[in-house]
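Values quoted throughout were computed directly from the atomic coordinates according to the rules given, and no laboratory measurement underlies them. For clarity, every value in this text was computed on a predicted model and none was experimentally measured. As a convention, Cβ positions derive from the backbone with ideal geometry for all residues, glycine included, and neighbour counts pool all protein chains shown.
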Amino acid sequence: MSRSGKVTVVGAGFYGSTTALRLAEYDIFESVVLTDILDGKPEGIALDINQSRSIEGFESRVIGATTTAEGKGYEATAGSDVVIITAGLPRKPGMSRMDLIGVNAGIVRGVAENIAKHSPNAVLIVVSNPLDEMTALAQIATKFPIKELWGKQECLILLALLTLWQRNSMCQLHQ
């Protein structure tokens, strides 16, 4: 299989680390970069994923990089074709998604600005909550064209439309 390009996953929590693992297993990117602000966490996860390469049968290389709010460490993301932002605090019991807006806005803005600096041609996918607000904020912070920025919701809608189209096409083939 021909691998090319680089994908970055920002945020090495459960969602981010699982996303990095799956992207590596798909074996379509030359490299998968996983970043987080917790010192050593993305490097450790990357090491674990890389050690499973021969067993799971993929060759994509996973790179872990600790980043800072000041922008250190983002050099590892330079030239990414796709960046997936999963960074942010999760909801705690009793919290609404809107309760996260103040904290996660600061996180997503900082991440987006650093991504724009190091990967100005990337397609950006935002997963952080509250999703619509964080997607809009990422677009403002990066100044990326709207067609280069997706929220997870848009990805799910596109997937649903493709599934419906495929079902409709299959129905027509069987008639």
(message) Among the listed pairs LYS72/LYS117; LYS6/LYS117; LYS92/LYS143; LYS92/LYS117; LYS117/LYS143, which have their C-alpha atoms separated by more than 22 angstrom in this model?
(response) LYS92/LYS143; LYS92/LYS117
(message) Rounded to two decimal places and with Rh computed the Kirkwood way over Cα pairs, what is Rg over Rh for the chain?
(response) 1.01
(message) Output wanted: per-residue J couplings in Hz (rounded whole) for region 139-147, from phi through Karplus 6.51 cos²θ - 1.76 cosθ + 1.60, θ = phi - 60°, x for Gly and Pro.
(response) 5, 5, 5, 8, 6, 5, x, 4, 6
(request) Starting with the fewest neighbours, write out VAL62, VAL103 ranked by other beta-carbon atoms found within 10 Å of each beta-carbon. (result) VAL103, VAL62
(message) What FRET efficiency comes out for SER4 versus ASP99 if R0 is 35 angstrom and r is the Cβ-Cβ distance? Round to the nearest 0.05.
(response) 0.30
(request) Search the structure for amide H atoms under 5 Å from the amide H of GLY151, placed 1.01 Å from N in the peptide plane, and list their residues when 5 or more places away or on another chain. (result) VAL126
(message) I'd like the FRET efficiency for PHE14 and GLU56, computed as 1/(1 + (r/R0)^6) with the beta carbon distance as r and R0 of 22 Å, rounded to 0.05.
(response) 0.70
